[in-house]
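Notes for the one structure printed next.
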Amino acid sequence: VLLVTVSFFLLIKDFLLACFWAIILAVVFDPTYQRFRQYYRNSDKLSLFLTMLLIILVFIIPLSTITLMVTAESTDYYNKIQSGEINPQLYFQETLALLPGFPHIQGISVEQISSAIGKAFEQAVRYIAQQVPALTQNLLNLIVQVALAFYILFFLLRDGHQLMRKFISLIPIGDRIETELFERFTSVARATVKGGLIVAVIQGCIGGLLFWFVGIPAAFLWGMVMIILSLLPIGSALVWAPAAIILFLQGQTLKAVIVLTVGVLAIGLIDNFLRPRLIGKDSKMSDYLVMVSTLGGLAWFSLTGFVLGPIIAALFVTCWEILGKNSQVN
């Protein structure tokens, strides 16, 4: 059994990512599908169609638009840096020079600090811009992966509960333990996607529009950075708070007040307002565990790690809790 199982996963290893996202989307949108089924009792096909259409409207179209906009803006910004129209090092140098008593810190000059920050920023923009040819070359593979994910998603939505019952009956661990693991998996998946990704996108969009309104360059790129940081317990304040300070130091007090006000009242509070409503009764993990597992997931699985990292951490904690309970009983 082990040999055949390993062989099967090696056989489909190039499509495991599509399978994973099909499972995650099925878990997240299964309650929506069930509501459609209750409303359209005589047509399961219509319920499936409406659920799939909703997923396309919520994820596929916005994600495609964001990807195109990020690549276009990063390429344009990188070209301006290359031509000398924008000089990040000079910008950071002028900003740091505005700080009182900041000519040197333990022998490190403003020029050295600004040069290091400017080069790091330039390398980040260059990396994003250089991904455009790779995206073009892998476009066919991406289309195949998305099509396969939606194909699998269709059957998971339709037969998901039946498949789960079959897995529980086949896996020789114990129905109670298997049910607890499945419930933990679904709760963390929903919490990560609904309470994490959706809230992060909303916060990043508000932050990007805010930066565009006050005239901060590369507003869309900064919005994407805020989306990424919002997925972590660190939060997007690491972007908009320094921006408000820099604007204040540059004498642009009104813009600094606008950024600070929107950051605190809109971006900062939206997490406390939306996240509990989106997560509902789904279980949470401690902030430090979410932080470590998300960063580890990013390093190990790239973008998929935003979801897969916390899921692995949650299953790790659950397995040890079950082991501890069984040990006490025995």
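The values are calculated or read from the model by the stated rules, or taken from the named source; none is laboratory data. Computed from a predicted model, the values in this text were never measured in an experiment. Every residue, glycine as well, gets a Cβ built from its backbone with ideal geometry; the counts of neighbours run over all protein chains shown. Areas reflect the complete protein model, heavy atoms only, side chains present, ligands, DNA and RNA absent. Shrake-Rupley method; radii C 1.70, N 1.55, O 1.52, S 1.80 Å.
Restricted to region 56-84, and to residues there that are among the small types (G, A, S) and open to solvent by 50 Å² or more (accessible area, probe 1.4 Å), the residue that is modelled with the lowest pLDDT is G84. Restricted to region 300-328, and to residues there that are touching a helix residue (DSSP H, G or I) at 6+ places or on another chain (Cβ under 7 Å) and open to solvent by 20 Å² or more (accessible area, probe 1.4 Å), the residue that is nearest to I198 (Cα to Cα) is F306. Each residue in region 1-30 was checked for being open to solvent by 40 Å² or more (accessible area, probe 1.4 Å) and assigned to a helix (DSSP H, G or I), and 17 of them qualify.
When the criteria are applied in full, R158 meets the requirement of being in contact (Cβ under 8 Å) with a residue 12 or more places away in the chain, open to solvent by 50 Å² or more (accessible area, probe 1.4 Å), within 26 Å of Y33 (Cα to Cα) and charged (D, E, K, R).
Given A256, A191, A237, which one is surrounded by 15 or more Cβ atoms within 10 Å (Cβ to Cβ), out of contact with any Gly (no Cβ under 8 Å at 6 or more places or on another chain) and touching a residue at least 24 places away in the same chain (Cβ under 8 Å)?
Numbers: A256 fails: touching a residue at least 24 places away in the same chain (Cβ under 8 Å); A237 fails: out of contact with any Gly (no Cβ under 8 Å at 6 or more places or on another chain).
Result of the check over A256, A191, A237: A191.
Scanning region 38-55 for residues that are surrounded by 13 or more Cβ atoms within 10 Å (Cβ to Cβ) and either in contact with a Leu (Cβ under 9 Å, 6 or more places away or on another chain) or modelled with pLDDT under 85 (or both) returns Y40, S43, D44, S47, L48, T51, M52, I55.
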